[in-house]
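Structure first, then comments.
Read-outs throughout are calculated quantities, based only on the coordinates presented, and are distinct from any laboratory measurement. This structure is a prediction, so every number in the text was calculated from the model and none was measured. All Cβ positions, even for glycine, are placed from backbone atoms using ideal geometry, and neighbour counts span all protein chains on display.
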Amino acid sequence: MSLWIHRLNLLAIVLIRLHVHLIGRINIHTSFMLLFDTYTFVIISSYLWHHVICNRNTSLGYVFDTVSISPTVIQVQIKLTNNDVIYQAGDYFFLSFEGVNGISSEPHPFSVTNIPNIDHPIVFTIRKLGDFTQSLSTLKRGDKVLLEGPFGQFSSIIEQDKSQAPLIMIGMGTGIAPLLGLAQQYIKRRKIRVIWTTKNNFEQYIDYQS
């Protein structure tokens, strides 16, 4: 369902464009119509480029394990088939599960929880909110995963900061995911303070002393 909801956004843009062109008191303003059509063209072209034409930076992996760490959160562990993928703590990937029954093949972004280690799978901490993320509980070991990325700037921003001031990281719920990897990576080099809020005690699935 979420796949088609996302695609309906593109249809809405097309319908809005047609509607604006049919309104006489608006389409007489040439400068506005030129700006409007340019904006529409950029949006549609970007979508088609990304989904149809562009040769994206993708890697193949498989599900190593899934672990339920709270009533609403799971961790999906993915092992890459090629260890040449270079990513940093705090980065994120777009994950798609093509050919897995009951799970949409539409890419969705998720942050990496752990630090890079070729001997261990990549861990994604995901809240089960919506039909796509809820369906991830049905993943089985060996299911194929397509990873697009990595993306992210957290590590590069920290590396550029030469002040050695304490790193203060604030996350809510599963927003803690990228912060955990960053904390592990920089704990021996900087003072770190992590502020994490959750709705209730059941969602406090991370041992703050570890």
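Some notes on this structure:
- Farthest toward positive dipole pole in the chain [+1 Lys/Arg, -1 Asp/Glu at C-beta], among L22, M169, P116: M169
- Each residue, D65 and V14, gets one label point 7 Å from its Cα in the Cβ direction; the gap between the two is 4.6 nm.
- Highest-MSF residue in the chain out of N117, N83, N27 [GNM, Cα springs under 10 Å]: N27
- Springs join every pair of Cα atoms under 10 Å in this Gaussian network model of the chain, and among T40, T81, T133 the largest mean-square fluctuation is at T40.
- Calculated FRET efficiency for the pair K188/T40, C-beta based, R₀ 41 Å, to 0.05: 0.20
- Magnitude of the charge dipole, the stretch 155-203, Cβ model with Lys/Arg +1 and Asp/Glu -1, debye to 20: 220
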